[in-house]
Each structure stands twice: as structure tokens, then as C-alpha cells.
Amino acid sequence: MSNSVFSVISRFVEEYRSSTPNKLKMIDAYLLYILLTGVFQFLYCVLVGTFPFNSFLSGFISCVGSFILAVCLRIQINPQNKRDFLTVSPERAFADFLFAHTVLHLVVVNFVG
Amino acid sequence: MAHLCLFSLLVLSLVLETQALTPTHHLTTTDVARLQTLLSQPFTDLKSAYYSVVGLSKLGISVADAAETCRFIKSNLDPSSVESLFFAAEASQALPGCEIPVSNDTRDLLLATVSEDSTASQIHQSVSALSSLGLPLASQEVVSALKARISKEDNVLTIILALQTASRLSQQAELGEILEEIEDLAARLDDLGGVYLQFEEGLEATALFVSAAYALSDHVDMEPPLKEDQVIQLVNSIFSKKSWDSLSEAFSVASAAESLSNNRFHVPVIVSAQGPAAISHSQPFLRLQVTNVLCKPLSSASVLVESATATSSKSAILSQAPFTLRDGVFELNFMASQPASGYYQFSVAIAGDSRFVANHVELKVKVSTRVSINNMDLSVVDKDQSIGPKTTRVEYPAKAKASFMADSHQIFAMTFQLVDETTGVELTPHQTFVRLHNQKTGQEVVFVAEPDSKNLYKFELDTTERKTEFDSISGTYALYLMVGDATLENPILWNVADVVLKFLDEEAPSTIQAKTLYTPKPEIQHLFREPEKKPPTVVSNAFTALVLSPFLLLLILWFKLGANISNFTLSPSTVLFHIGHAAMLGLMYVYWTHLNMFQTLKYLAIIGSFTFLAGNRMLAQKAVKRIAAEQSSRLAKYRSLR
């Protein structure tokens, strides 16, 4: 059982390394960064306590929101999805990404206290 | 006799209940006397003479000086005025031996007034004058004139006058339609709370309606269409006012009272107890006054107690017992039935005349008694029961000779019985208190003595248990027994004995401190919410570093992936875009530290629109470049394939 899981994973990693364009890999790295930041915030909350709760929420939501927006950008930029996003050019996707981030950060900074 | 009715109004409201409607308001003798005084005022003109003379005759009182009055009427008579003739004729009718001279002109004038064109009041006055002066009149003409008048003016007073007029006409005339007006008019009465029934035009109109309706009903010998409850409500309305503003109002009340006392169909009965409805051995008779609305006793009535039940046990004591009439008052020896003390509900019926209205009355009667205290035993019992109790018997109203000592090892006990003096039946009055009064300090403590199942009263005082009531102040206390109840004639306050109480942990004997109720209380300090416990700075710093660490990871990964800024064109839009974007990030930081949302939005709008324009330009240029690159690569691929 574990053998098949290991082989699936190694194959997946190999595929990923070879066939994913660089741009997408960069976005994936960014996604990993966001994920880790969120995890570490949550870890703090679990270990030390929820004071101050609003700051924790704001930071955590920021991570979650950024992750989602980055995933959206990745989907829209991916050339394999071009048929689904005919009206949306990669530049447009990036512009949307920036605008959404502005709004998100406005809310996050308001709430962080 | 004068004071007989005096209490009745007060007692009536306490005593009578409205199961079947009974009058809540009626005239007392003082009220009737007041009415009489008002009507006996010296009269100034013919109108007031009419009201006075006729009003007094309705009350059954004759004028003081009949001859003088007659002369006055004759001298003030104006034969050319119908109204004047009316007043004179009616007044002279009420005076014995007073005749008004009548001429042919007078008669013609009166007859001419009977027509459709005169007002109802004119028709009424002329018909009454003709009838009182003994002159002939054409009843049918009057009836048609009245009917025409009623159809033209449909107000209450017109119809009342029509009713009054019709009662003076010959019985052969067709009075049927006018008789029906009574019912229509009765429907116009306003019911106020189920107690009063009156016209919105006021008391005078209601009273005149009553006298007119009964006058006409008596005249044609047909019962008026008024129900018993309506009659009682009318009685309440008319007789609720005890002082009258004008002579005409007093006159209307007097005529209403007379018609309600003497008509052939409905005679309201007023029942009231003479004095308080309380019976005892010294006062064994229950006395009731049964009168009509003019406060005249109804001697022809026979008063019967249908049932008398005790309110507590609901057992019937009496059934169908008659009252005997003595000196105009109906009395019953209730004590002969030997009732126990308490309250009794009497249901009384007045019979003797089919005209009686409201002849079923409910009364609440109190039977009181005298109490005596038996077997008052005082003793001091040792708590551990090693020494037998020493009981001292005390007889009322003497005081025990020796005082009793009780300290923390002993209990002071008191037992007694309360019995009815005459019957010896055990009683449980509402108030049986034991009061201990310290003469020196003025302190007073009151306890309740409870009866046990055998109705033996017990009181026990344990000095250790009751320490707090006494404030642990030892000393000599005078012991009083207080017995009281609504049905007891002799409430008791008896200084039974002196008790010396010794308390443990006695404080220095001091006078009772004034209660510290009104002195300033200690100030309350507000306790602000404690701030929450923060974790140590080391921990938070460590975690801050941990949270920021993935950024380093990101930079490393990007470097490894080969991220570069080689495509960075130094076109103005690119530069401006990046500056604008950096400014927005800086604004976020400033927002976090200094600004509020409104200011931030203002700045954001400015920087944002600038950044947007620059960014748009930059991205458009990039897009153009990308499309050009794609096209050229596609072209190259196409060429290579060929």
C-alpha cells in the first residue's frame, strides 16, 4: 500500500517539475509561503492563547484571502485553461489580483487593531 | 325615625351586592328633606310657584299658606299667555279650594293652541290647562297634532311632552301610537356600566321621561315596556344626584319619585339595614328598613329570609324565616338560632305586592361575640427536662404575682384557650399576639401564639433561639397577651406576667440604637475591568519571528526558480505604477498606525486611481509585447513545419 502511495507521489513530483511552466511554479512558491504563514499564526493561537483575538482573526483571514486570490490568479494565468478564460488576459488577471488585494488589505488593516 | 335612613346609603354600598340588580343610589330622608326645602323656597314668579306647589304636592306635602299662594297665583296670572295659564291651572289644582276664573277668551285661546303649528310644549301646556280647569277638549285633534309634532321634531323632550299630554286625554282616544313611543324612547337611553340608564340630555329629561311614561301607562292601564333591571338603572340615575341646581330639576326628581312610588306596575323597593348589620347577644335583632324611593316604609310588605348561610362553612342556618314588623322596621331575632360568630350571607325576599321591583336582596351580616380566656398556664421548663415544670395558673384580668425567670437552660411556655363567653365554643381569632416589653430600654418584641389541632393556644420562648429578636438584652420584660378579631366585641390586652430573661453573650446594656438606615453608607469603589493576562514578550517575539520566516523561504525558492527582473522596462508608466503601488502599501501602514477609515479611503482614492492608470498603461504594453511574441513564435513554428 505505502509502496503505491510513494510511487504516485514521486511520479506526481516528476510531472510537476517537468511540465509546469516557471511562472506557475513561482506562484506555487508564493502559495506555499502564504500557507506556512497561516499555519504558524494558527499554531501560536493554539499554543499561547487567543489574546488579542481580533489580531489573530485579521492575520489569519489575510492569509486565507491572499491564498485564494493567488489560486485564482494561477488558474487564470495557466495556458492550459485558456479556453475557459477567453475574455481574461493574464494582464487582466493580474490587475484583478492587485485590486482584490487592495480591498482585502484595507479590511485586514482595519481589523488588526 | 329621622336617623333611620341616615346610615342606609353608607351601609347600602357595603352591604348590598348586585347579583340581581338592586338600587345603588336612592334618596334618604335627609335627601327628601333637602328636596322639600328647595321646593319650599319663597317663589318669585308664577313659574317658580308652579314648580314649588306641584313639586311639594308630589312629595305629599301641602303648601304652608294655601290662601296666600292662591292669591299670588291669581294676581300673577296673564290670561293672554298659554304658559301662564298652564302654570296657574296646575298650581291651583294642587291647592285646596283655589279656583281660577276662566273666560271664554281664555278657553278659545287654549283650544286654538291645539294644532300642528304649535310646539309640543305649547300643546302640552294648553291641554293640561284645559284639563285642570275642567274645560272640554277634543282628544282626537290633540292626538293628531301630537303625532304631527313628533314626526316633525323627533327629539327626546318633544316625545316626553307628548307622553305627558296623552295622559291627560280621554281614554277613548287612540293613544296606541303615542304609547309605542315609550318603547322607542327607552331604546334611546344610554347604559352606563350596567348601573345607570339615562338620556344624554341629562337628569331632568330622564326624570321627566319616567314620570311621563308611568303617567301614560297608568292612564291606559298597560304595563310600560321597561324591564326590571332598566327600572333599577333609572332609579340609580335619577337619584344619584343629591343636590339640585334648579327648581325645574328638583321638580322633575320629585315627580319621578312620586310616579315610581305610586304607579300601578313597578314599585322599586329600597332595603337597608338599620345601623351596622351586626348582631350580638346584647343586640340580637337584625333590623331592616324596607321603603319605596320616597323613603316611605312599605307596611304592606312581608319580608322573608329565604336562606342564611355562614360564609366560611357554607352551612345554612335559616330557611324561610319571616321578619316581624315593629314601628315601621322589620326585625328578626337571629341570635335565637344560636349562630356561631362570623359572617353570614342573607338572602332576603320582599313579597306582598306584585308591583315590587328589586325585591330580592343579598345582605352580609356579622355575628359578634365576647371571648374569654380559659386555663392560662405559665411555666418555666428546663431544657433537659430534669426538673419538672412548675405551672402557674393566672386568671384574667389579674397579673401573676411572681415573675418568671428563664435563662439559656430553660424555656418559658404559655398555654391557654380562647372560648366564646356564652356558648363555650372554642374560638380562633385572627389576632393572638404575645408582646414582650422591656420597660427600661423600651424594646418590644411581638410573637404569634399558634393554636394546635385541639384549639389550645401554645407559646414557647427559648432564650437561645430568640436571641436576635431581643438583641441579647437581658432584663425584665412585661408579657402582654393581645387578642382581637372583627367578630369580637371585647378585644383583650392583658398584662399576664413579668418575665426575666437572661441571655448569654450579653452586650453592654444600652438603649436601642437608632436604626442605621439613614446614615451614609460606605462608598462603593468602581473596579475597572482588569486587562487580560498577556503572554511573556519572549514568547510573542519568538512567534513573530516564526511567522515571518516563510518569507525568507519564499525568496530562496524564487531565486532557485530563476525569478528575475530582466523584463523590467524603464517606461514612465511602469515606474509610476510601481511608485503608486508602493505608496498604497505605505498608506496601509499609516492607516494601521494613525488614520481612520474615512481618511484612508480618501487617500486611497487618489493614489489608487493614479496607480490604476499607470498600471493599466503598463499592463497594456506588456500585453502587446506578449501577443507580438506569441505571433512571431507561431509564425516561426509554421515556417519550420513547411
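Where a number appears in this text, it was derived from the coordinates with a stated rule and is not lab data. These figures come from a predicted structure and were not determined experimentally. Glycine also receives a Cβ, built like all others from the backbone with ideal geometry; neighbour counts cover every protein chain displayed.
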As I understand it, the dipole of chain B uses +1 on the Cβ of Lys and Arg and -1 on the Cβ of Asp and Glu, about the Cα centre. Which of B:VAL220, B:THR441, B:PHE346 lies farthest toward its positive end? B:THR441
Compute the Kirkwood hydrodynamic radius of the stretch B:115-251, taking the inverse of the mean of 1/r over all pairs of distinct Cα atoms, and give it in Å to one decimal. 15.5
Which of the peptides A:48-59, B:290-301, B:488-499 is most tightly packed, and how do the rest follow, going by the mean number of other Cβ atoms within 10 Å of each residue? B:290-301, B:488-499, A:48-59
Mind putting a number on the dipole of the stretch A:21-112 about its Cα centre? Charges go on the C-beta only, +1 for Lys and Arg and -1 for Asp and Glu, and I need it in Debye to the nearest 20. 240
Label point distance in nm, A:LEU47-B:THR309, each placed 7 Å from Cα along Cα→Cβ: 8.6
Can you sort B:HIS594, B:HIS124 by how many other beta carbons sit within 10 Å, fewest first? B:HIS594, B:HIS124
At 30 Å minimum axial length over the Cα atoms and a Kyte-Doolittle cut of 0.5, report the qualifying DSSP H helices in chain B, or say none. B:537-561, B:572-593
Hey, how many Å between the Cα centroid of the stretch B:601-616 and the Cα centroid of the stretch B:42-79? 109
Column: log10 I(q)/I(0), Debye, Cα scatterers of the stretch A:1-102, q = 0.12, 0.16, 0.17, 0.22 Å⁻¹: -0.58, -0.86, -0.91, -1.09
Once phi is turned into ³J(HN,Hα) by the Karplus curve 6.51 cos²θ - 1.76 cosθ + 1.60 with θ = phi - 60°, what whole-Hz value does each residue of the stretch B:352-367 show in order, with x for glycine and proline? x, 8, 5, 7, 4, 10, 6, 9, 10, 10, 9, 10, 10, 10, 9, 10
Only four residue types carry charge here, +1 at the Cβ of Lys and Arg and -1 at the Cβ of Asp and Glu. Report the dipole size of chain B about the Cα centre in Debye, rounded to the nearest 20. 5980
What is the stretch A:21-112's relative contact order, in percent, from Cα pairs under 8 angstrom and six or more apart in sequence? 35
Can you tell which of B:LEU46, B:LEU27, B:ALA64 lies farthest toward the positive end of the dipole of the stretch B:26-76, using +1 and -1 charges on the Cβ of basic and acidic side chains (Lys, Arg; Asp, Glu)? B:LEU46
Length released on extending from B:TYR638 to B:PHE568, taking residue separation times 0.36 nm less the Cα-Cα span: 22.2 nm
So what does the Cα-only Debye profile of chain B read at q = 0.10 Å⁻¹, as log10 I(q)/I(0), no solvent term? -1.03
Shielding of B:532-544 by partner chains, average beta-carbon count, 10 Å: 3
Rounded Å value of the spacing that divides the Cα centres of the stretch B:418-464 and the stretch B:538-599: 92
What aspartates and glutamates could a cross-link reach from B:LYS622, if we take a straight Cα to Cα line under 20 Å and drop same-chain neighbours fewer than 8 places away? A:GLU91, A:ASP96, B:GLU630
R0 of 45 Å, Cβ-Cβ distance B:LEU456-B:GLN320: FRET efficiency to nearest 0.05: 0.70
Which of the listed residues, A:ASN54, A:ALA93, A:GLY38, is farthest toward the dipole's positive end in the stretch A:21-112, when Lys, Arg count +1 and Asp, Glu count -1 at the beta-carbon? A:ALA93
Give the lysines whose C-alpha is closer than 21 Å to that of B:LYS47, dropping any in the same chain fewer than 8 places away, or say none. B:LYS58, B:LYS74
Across peptide B:588-595, how many C-beta atoms of other chains are within 10 Å of each residue C-beta, on average? 2
Projected area of the protein assembly as shown, taken from the Cα convex hull and averaged over every viewing direction, in nm²? 79.5
What number, in percent, do you get for the relative contact order of chain B if the mean sequence gap of Cα pairs under 8 Å and at least 6 apart is divided by its residue count? 9
Amide H of A:THR50 versus every other amide H placed in the peptide plane: which residues, excluding those fewer than 5 positions away on the same chain, fall under 5 Å? none
Please report A:VAL109, B:VAL381, A:VAL103 as a ranked list, fewest other C-beta atoms within 10 angstrom at the top and most at the bottom. A:VAL103, B:VAL381, A:VAL109
Eligible lysines near B:LYS383 by straight Cα distance, threshold 29 Å, same-chain separation 8 or greater: B:LYS399, B:LYS401, B:LYS440, B:LYS454, B:LYS458, B:LYS467, B:LYS502
Distance in nm between label sites at B:ALA187 and B:LYS296, each 7 Å beyond Cα in the beta-carbon direction? 3.6
Report, in debye and to the nearest 20, how large the dipole of the protein assembly as shown comes out about its Cα centre when Lys and Arg carry +1 and Asp and Glu carry -1 on their Cβ. 7600
Residues A:CYS45, A:CYS63 in order from fewest to most other beta-carbon atoms within 10 Å are A:CYS45, A:CYS63
Alpha-carbon centroids, the stretch A:5-38 and the stretch B:253-290: separation in whole Å: 112
Over chain B: helical MRE at 222 nm, DSSP H runs n ≥ 4 each giving -39500 (n - 2.57), nearest 500: -13000 deg cm²/dmol
Over the protein assembly as shown, what is the percentage of antiparallel beta bridges among all DSSP beta bridges, to the nearest 5? 90
